[in-house]
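Down below is the structure, laid out as structure tokens.
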Amino acid sequence: MAQNVAPAALSSDLEFLGFRAGATIEDVEAQLATLGGSALRCRTAKRDERVRECRAEVAVPGLDEPVELWMSAISGTTGVLTLSSTMDDPELRRWRDELVVRFGEVGAKGQGTQWMMQWVRQRRMLRLTWRGEQGRIRSSVSLVDGRVLDGWSPPRR
């Protein structure tokens, strides 16, 4: 579905809660510190030492539960970063409305019980996904940098 992009006032830099696709590990650590989040815990992948898998948590005003952060960085740059939490419908609406105001209206697509909205800018993608889960809503925002992922080649043996 084509994106209905409004005037130039819409942001082209895809980010959420101050995190952006293509950020360095240091940028992510700094944003976590700004938000009062936990320290980033990273481990190096066994198959490719350039890849680091990292996790953290951050309390976000207006949410009852912490937001879990998961990211995969290649050579110190984030290829995929996901922020996820369980929330109520008004909290999800707040996330969704913030994204629509910043990046433009896009249609929601459903598959089974899961729904998603997606924005793409300059080989970067932001996807909001949600589904009902035991009376609450499990929501996540994923930030993907296609340039980082496209530049990643398998390690030489």
Any pair with Cβ under 6 angstrom, 6 or more apart, that starts in segment 134-151 at a residue that is over 30 Å from D89 (Cβ atoms) and ends at one that is at pLDDT 85 or above and in a strand (DSSP E or B): D145/G79; D145/R124; V148/I74; V148/T77; V148/G79; L149/G79
S140, sole failed condition from (1) at positive phi; (2) under 13 Å from the mean Cα position of the chain (by Cα): (1)
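Being surrounded by 13 or more Cβ atoms within 10 Å (Cβ to Cβ) and either touching a His at 6+ places or on another chain (Cβ under 8 Å) or closer than 28 Å to L63 by Cα (or both): is that true of W130 here?
When the stated conditions are applied, W130 passes them.
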Within segment 51-99, considering residues that are of a type in the set (S, T, N, Q) and in contact with a Ser or Thr (Cβ under 8 Å, 6 or more places away or on another chain), the one farthest from R127 (Cα to Cα): T77
Hits in segment 115-127 - residues which are free of Cβ contacts under 8 Å to residues at least 24 places away in the same chain and open to solvent by 80 Å² or more (accessible area, probe 1.4 Å): W115, R127
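Yes/no matrix, rows are residues, columns are (1) touching a residue at least 40 places away in the same chain (Cβ under 8 Å); (2) hydrophobic (A, V, I, L, M, F, W, C); (3) open to solvent by 20 Å² or more (accessible area, probe 1.4 Å); (4) out of contact with any Lys or Arg (no Cβ under 7 Å at 6 or more places or on another chain):
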position	(1), (2), (3), (4)
M71	yes, yes, no, yes
G79	yes, no, no, yes
S85	yes, no, no, yes
P90	no, no, yes, yes
W95	yes, yes, no, yes
G107	yes, no, yes, yes
G110	no, no, yes, yes
T113	no, no, yes, no
Which numbered condition V144 misses (of (1) open to solvent by 50 Å² or more (accessible area, probe 1.4 Å); (2) closer than 26 Å to E49 by Cβ): (1)
Residues satisfying the stated conditions in segment 40-83, i.e. under 14 Å from F19 (Cα atoms) and among the hydroxyl-bearing types (S, T, Y): S72, T77, T78, T82
Selection count, segment 1-50, where residues are more than 17 Å from M125 (Cα to Cα), part of a strand (DSSP E or B) and either modelled with pLDDT under 90 or open to solvent by 70 Å² or more (accessible area, probe 1.4 Å) (or both): 3
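The values are calculated or read from the model by the stated rules, or taken from the named source; none is laboratory data. Small disclaimer: the values here were computed from a predicted structure and weren't measured. Note that we place each Cβ from the backbone using ideal geometry, even for glycine, and neighbour counts take in every protein chain shown. Note: areas computed on protein heavy atoms with side chains; ligands, DNA, RNA excluded. Shrake-Rupley method; radii C 1.70, N 1.55, O 1.52, S 1.80 Å.
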